[in-house]
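Note sheet for the following structure.
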Amino acid sequence: MKVLIAEDDDKTRDGLAEILENEGYETLRARDGKQALTIFARQNPDFVCLDIMMPGIDGYELCREIRKRSPAVPIIFISAKSEETDKVVGLELGADDFITKPFGVKEVIARVRAVTRRYLAAQEKGKTPASFRLHDLEVFPRELRARRGPETIDLSLRDVKILQLLHQNKGTVLDRNTIFNACWGFDYFPSSRTLDQHISQLRKRIERDPKNPQIIQTVHGVGYRYE
């Protein structure tokens with residue numbers, strides 16, 4: 001999924017991009033509302049994060065323009081304007097959520113995942129399976145979740161991509177480049193350590209025994225496999 005971030009503060013914009021890219025999103029960055037509209041028209045992003053106070057076209061006006069062009073695209077306001085009236089105006093303009101600065105990483109991830117779940121439920125119905133099974137784990141791609149009995153496990157968009165890739169290639173050893181290209185993108189230039197660390201963290205959440213994994217098995221010197 002492509003996410004447009006419209007934010008005039010460089011550090012905030014780059015920080016949001018880093019959070020979203022770590023979750024598995026492709027980010028498009030705009031430093032003001034005018035640039036954001038141009039990028040939106042050219043790139044047709046799946047998701048938009050907007051600041052309110054930007055030079056030229058502010059976030060409210062930008063939201064109006066985006067809603068004219070795409071009534072269904074998810075929009076989250078991320079702003080230092082924290083008064084209740086500011087939030088009400090944003091939501092009445094058609095935003096899906098409103099995050100107040102300064103924000104925590106976990107809060108942004110939780111809210112982005114929530115909006116993504118709603119988007120996937122609406123857009124991907126009939127295109128992706130409602131669920132698929134890996135060993136004793138049931139994965140629900142549209143929900144960004146997995147379940148094992150009564151236990152529910154939250155997943156990032158990238159987690160789901162990795163598990164889908166393993167499921168679709170059951171019994172096949174997937175080398176690191178194949179996994180990176182499918183789950184990070186061709187423009188990403190990672191190190192093996194990036195993948196190994198991500199797999200390690202994912203195993204801690206989805207495996208009964210991460211030291212003896214049954215779902216994501218290591219094939220030393222090559223990559224990973226689901227048997």
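The values are calculated or read from the model by the stated rules, or taken from the named source; none is laboratory data. Keep in mind that this is a model prediction, so the values were computed, not measured. Ideal geometry is used to build each Cβ from the backbone, glycine not excepted, and the neighbour counts take in all protein chains shown.
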### Summary
Sole miss for Lys106 among (1) crowded, with 18+ Cβ neighbours inside 10 Å; (2) assigned by TED's automatic domain parsing to the domain that holds Leu20; (3) at pLDDT 90 or above is condition (1)
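Give the residue that is surrounded by the most Cβ atoms within 10 Å (Cβ to Cβ), with candidates limited to residues of segment 67-83 that are more than 17 Å from Met53 (Cβ to Cβ) and not hydroxyl-bearing (Ser, Thr, Tyr).
Within segment 67-83, the subset more than 17 Å from Met53 (Cβ to Cβ) is 67-74.
Filter again for not hydroxyl-bearing (Ser, Thr, Tyr), leaving 67-69, 71-74.
Values: Arg67: 15, Lys68: 9, Arg69: 11, Pro71: 8, Ala72: 9, Val73: 18, Pro74: 23.
Looking at residues that are more than 17 Å from Met53 (Cβ to Cβ) and not hydroxyl-bearing (Ser, Thr, Tyr), I get Pro74.
Would you point out which residue out of Leu91, Leu134 is modelled with pLDDT of 85 or more and either surrounded by 18 or more Cβ atoms within 10 Å (Cβ to Cβ) or under 23 Å from Asp46 (Cβ atoms) (or both)?
Values: Leu91 fails: modelled with pLDDT of 85 or more.
Result of the check over Leu91, Leu134: Leu134.
Could you pull out the residue among Arg176, Arg203 that is outside the structural domain of Glu107 (by TED's automatic domain parsing), modelled with pLDDT under 90 and under 19 Å from Glu227 (Cα atoms)?
Values: Arg203 fails: modelled with pLDDT under 90.
Answer to the check: Arg176.
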### Neighbours by Cβ (under 8 Å, 6+ apart or cross-chain): first from segment 39-52, of a type in the set (Phe, Trp, Tyr) and exposed (fewer than 12 other Cβ atoms within 10 Å of the Cβ); second at pLDDT 95 or above and in a loop (DSSP other than H, G, I, E, B)
none
